[in-house]
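These notes are about the structure you will find just below.
The values are calculated or read from the model by the stated rules, or taken from the named source; none is laboratory data. Predicted model only: the values in this text are computed from it and were never measured. All Cβ positions, glycine included, derive from the backbone under ideal geometry; neighbour counts span all protein chains shown. Surface accessibility is based on the protein's heavy atoms, side chains included, excluding ligands, DNA and RNA. Shrake-Rupley method; radii C 1.70, N 1.55, O 1.52, S 1.80 Å.
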Amino acid sequence: MLRRSIISIAGGVTLGAALPAHSQATVKKVWRIGVLSESLPQLNVLKTLKALDYEEGRNLVIDYKFARGRPELLDGLAAELLAAKPDLLIAPLNTEAAALKRATSSIPIMMLWITAPVELGLVASMARPGGNLTGTTTNPIEMAGKMVQLLRETIPRSSRIVILNDPSYPGMTLYLKSSEQAASAMGIQFEGLAVRTLADLDMAFAALKRNPPDGIMVSMTGVILGNVQLIIEFTALHKLPALYSIKRPVMIGGLMSLSPDFGEMGKRQIAMIDKLLKGAKPSEMPIEQPTNFELAINMKTARAMGLTIPPAVMLQATELIE
């Protein structure tokens, strides 16, 4: 959630001889933030800005452009945001960050849940981004291997794991490679099922029914992110253990998730936004990485699947949902 400190510029202003000499005009800055999103219809993190005295309708305007799952619209929507002359732009994920970078090299861009920003050429380095982008990252590439390991620990008999993913998502090939390497080292067959559209999701479901894997990894981007409820219902019906890359699906019936502590990340994101609005240079603000990770398990879902979570996995859990 984004919070901004308001700077009130108050000073004596001569308005004319007709006004008393002591009259003053107080000019308050109204901040304008532009948000570009492909798959998220809202950002809860923005609601916390009020704690830093940023309030919509008083000193804050938020322009939100939502592509409704259509990445081809992002460049046009980015141009619309720039036309409003924002003080700051916000990119939730990689695709939006790339679109905003193409659109401007001068307006500060705050990235929220980015993966592999150096490898993708979004910034020069984590310590000194060097351009007009900074922000926070989500799961590092090596976490993909950890997710494979976690599924293996949860289902010790695992011999085949499938990942639902959008291969066109920037950085996804790096995660797929890391997952495949980890699976190979464990003697597990690893397979990716591409989901770029709803039709792809239907085909993925058909493939999973024909040849059920021992476990599923779900990469929460694009169409997958926007239609996760369908995946939760499908995996529950067919008793397929699924591990998600964010916690929200587990709160609504998904089995497990391994993700950064997004509550902690939100506080750091708001602090960074506040600094950017106050004039900090993104080129000199290090990209911040998550330090705490959460393993959430929905025990009700596990019981419905007839799945016993091994004690070693239970010990790693940070949240058990009943």
Based solely on C-alpha atoms, express the radius of gyration and the Dmax of the chain in angstrom.
22.6, 87
Using the Cα centre of the chain as the reference point, and only Cβ charges (+1 on K/R, -1 on D/E), how large is the resulting charge dipole? Debye, rounded to the nearest 20.
420 debye
Can you check how the C-alpha radius of gyration of the stretch 273-313 compares to 2.2 N^0.38 Å, as a plain ratio?
2.27
Enter the Cα centre distance for the pair the stretch 224-247 and the stretch 133-180, rounded to the nearest angstrom.
15 Å
Taking the square root of 5 times each eigenvalue of the Cα gyration tensor, what semi-axes in Å does the equivalent ellipsoid of the stretch 132-290 have, largest first?
31, 17, 15
Most fluctuating residue of 312, 144, 204 in a GNM of the chain with Cα springs under 10 Å: which is it?
312
Any chance you could look up the accessible area of residue 31 with a 1.4 Å probe, heavy atoms only, rounded to 10 Å²?
20 Å²
Considering only protein heavy atoms, what is the solvent-accessible area of residue 314 at a probe of 1.4 Å, reported in Å² to the nearest 10?
60 Å²
Once the Cα gyration tensor of the stretch 174-226 is diagonalised, semi-axes √(5λ) in Å
21, 15, 8
Starting from the exponent 0.38 and prefactor 2.2 Å, build the expected Rg for the stretch 114-161 from its residue count and divide its actual Cα Rg by it.
1.64
Considering only 305, 292, 86, whose Cα is most displaced toward the positive end of the charge dipole of the chain, charges sitting on Cβ of Lys, Arg (+1) and Asp, Glu (-1)?
86
Long-range amide H contacts for residue 61: which residues qualify at under 5 Å (H placed 1.01 Å from N, peptide plane, sequence gap of 5 or more or a different chain)?
31, 32, 33
Quick check on my link table: of 247/281; 29/281; 177/300; 50/281; 28/101; 247/275, which ones sit more than 25 Å apart, alpha carbon to alpha carbon?
247/281; 177/300; 28/101; 247/275
Considering all projection directions equally, how large on average is the shadow of the alpha-carbon convex hull of the stretch 72-113, in square nanometres?
2.6 nm²
Amide H contacts under 5 Å for residue 255, restricted to residues at least 5 apart in sequence or on another chain and with H modeled in the peptide plane, are 242
Please report, to one decimal in angstroms, the Kirkwood hydrodynamic radius of the stretch 218-269 built from all distinct Cα-Cα pairs.
11.5 Å
Span-like helix ranges in the chain, DSSP H, alpha carbon extent 30 angstrom or more, Kyte mean at least 0.5
none
Cα-derived Rg over Rh, computed across the stretch 63-167 with Rh taken as Kirkwood radius
1.09
Å² per residue, accessible surface of the chain at 1.4 Å
46 Å²
